[in-house]
């Protein structure tokens, strides 16, 4: 990746307004149509844009300092601190943490869709701890994964719980 300030033409950039005007107009038109559709579906665009911008700023600033942060963990942490709901599940708002059965029931449609689409050999169960502690415990989460894998074969369970991770991350 080459940062803007590392480019040879920095800071003497040149462009043609005439060449860009037509394309920018097309992009703005399509952007407006997309935003209108999203708003009609109930998306809170300002909050999401702010969250995305803050996340990118934190991640990029950390990269400049030589520290690589997990984008999803940063996003989740910022959202939590701002009091934003970022998921489709209500686990964080509940007075009592969910059970493994409740998590399995809530997540099953998404998990099964991914496994059906990509195959168990290209999927893995993983956690986002310590961030996941906001909504559930470690054992509860992994028990939910076990519940979702009930109908899988032994080979599929091995892939989901360890095999895919070993292969992808080149673990012994």
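The values are calculated or read from the model by the stated rules, or taken from the named source; none is laboratory data. Computed from a predicted structure; not experimentally measured. Every residue, glycine among them, receives a Cβ derived from its backbone with ideal geometry; neighbour counts consider all protein chains shown.
Loosely packed, with under 14 Cβ neighbours inside 10 Å, within 13 Å of residue 98 (Cα to Cα) and in the same structural domain as residue 116 (by TED's automatic domain parsing), is that true of residue 144? No, not satisfied.
Go through region 95-138 and give me each residue that's more than 19 Å from residue 151 (Cα to Cα) and touching a residue at least 24 places away in the same chain (Cβ under 8 Å).
First pass over region 95-138, keeping only residues more than 19 Å from residue 151 (Cα to Cα): 95-99, 127-138.
97, 98, 99, 128, 131, 134, 135, 136, 137, listed by residue number.
Considering every residue within region 88-99, establish whether at least one is over 24 Å from residue 52 (Cα atoms), modelled with pLDDT under 85 and touching a helix residue (DSSP H, G or I) at 6+ places or on another chain (Cβ under 6 Å). Yes, region 88-99 has at least one match. Summed over region 50-80, residues that are free of Cβ contacts under 8 Å to residues at least 12 places away in the same chain and in contact with a helix residue (DSSP H, G or I) (Cβ under 6 Å, 6 or more places away or on another chain) total 1. Note on region 47-75: residues that are in a helix (DSSP H, G or I), at pLDDT 80 or above and over 20 Å from residue 130 (Cα atoms) total 9.
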